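First the structure, in the form of structure tokens, and then the observations on it.
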């Protein structure tokens with residue numbers, strides 16, 4: 001599925017698009033031969049960010065559904081090197097982001113400086129939606145320890161957030177891997193993803 005990028009629309013348009021795409025698949029399941037009991041979302045980088053939101057915010061305030069009667073629930077989430085807390089993304093020592101209005105995260109919140117708009121940055125960060133009472137689909141996280149675009153610390157923050165709130169997740173730190181580098185696409189890593197999906201198939 002595709003969603004409007006930050007050059008077209010600011011957050012939460014991306015999450016709304018993803019959820020409406022899931023609703024479309026559910027509404028047209030017979031036409032396309034879709035098993036609606038076993039829908040998983042998988043994305044990397046900004047796609048991982050959107051995937052996390054779809055698995056964390058079902059029924060929450062980010063919904064503006066095209067079809068409100070159709071659920072957008074998923075059975076699991078695979079998120080490769082996702083941004084998870086935009087308010088601190090620029091603080092990692094190895095990041096290239098400046099957190100200004102022209103940075104990727106600044107554009108996402110409407111071309112605004114992150115430091116001057118912490119509330120907006122947190123509202124666009126999946127970490128801030130995970131609470132003990134939140135229903136969260138099982139999550140597989142993977143990130144490279146030398147990621148220079150989305151710092152490894154971002155995935156680490158999400159892993160700790162999920163753990164602290166008692167959620168089900170798996171977490172893989174790929175030594176020396178950079179943003180989107182080959183280590184994420186090896187047969188061994190894809191076997192891990194397949195095993196995760198099979199584990200949560202209903």
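Descriptive notes on the structure:
- The set of residues in region 38-57 being modelled with pLDDT under 95, within 23 Å of residue 192 (Cβ to Cβ) and out of contact with any strand residue (DSSP E or B) (no Cβ under 7 Å at 6 or more places or on another chain) consists of 56 alone.
- Residue 29 over 20 Å from residue 104 (Cα atoms) and over 14 Å from the mean Cα position of the chain (by Cα): yes
- Among the conditions (1) assigned to a helix (DSSP H, G or I); (2) buried (at least 20 other Cβ atoms within 10 Å of the Cβ), residue 21 misses just one, which is (2).
- Scanning region 28-57 for residues that are assigned to a helix (DSSP H, G or I) and either buried (at least 16 other Cβ atoms within 10 Å of the Cβ) or touching a residue at least 60 places away in the same chain (Cβ under 8 Å) (or both) returns 46, 47, 48, 49, 50, 51, 52, 53, 54, 55, 56.
- Failed criterion for residue 62 (all others in (1) surrounded by fewer than 21 Cβ atoms within 10 Å (Cβ to Cβ); (2) in contact (Cβ under 8 Å) with a residue 40 or more places away in the chain; (3) farther than 16 Å from residue 130 by Cβ hold): (3)
- The condition (being touching a strand residue (DSSP E or B) at 6+ places or on another chain (Cβ under 8 Å) and within 30 Å of residue 186 (Cβ to Cβ)) is satisfied by just one residue among 139, 130: 139.
- Search result, residues across region 150-185 that are more than 30 Å from residue 72 (Cα to Cα) and surrounded by 14 or more Cβ atoms within 10 Å (Cβ to Cβ): 174, 177, 178, 181, 183
- Test: residue in region 1-8 that is free of Cβ contacts under 8 Å to residues at least 60 places away in the same chain and over 15 Å from residue 108 (Cβ atoms): yes
The values are calculated or read from the model by the stated rules, or taken from the named source; none is laboratory data. Here the structure is a predicted model, which is why all the values come from computation and not from measurement. With ideal geometry, Cβ positions are generated from the backbone for all residues, glycine too; neighbour counts draw on all protein chains shown.
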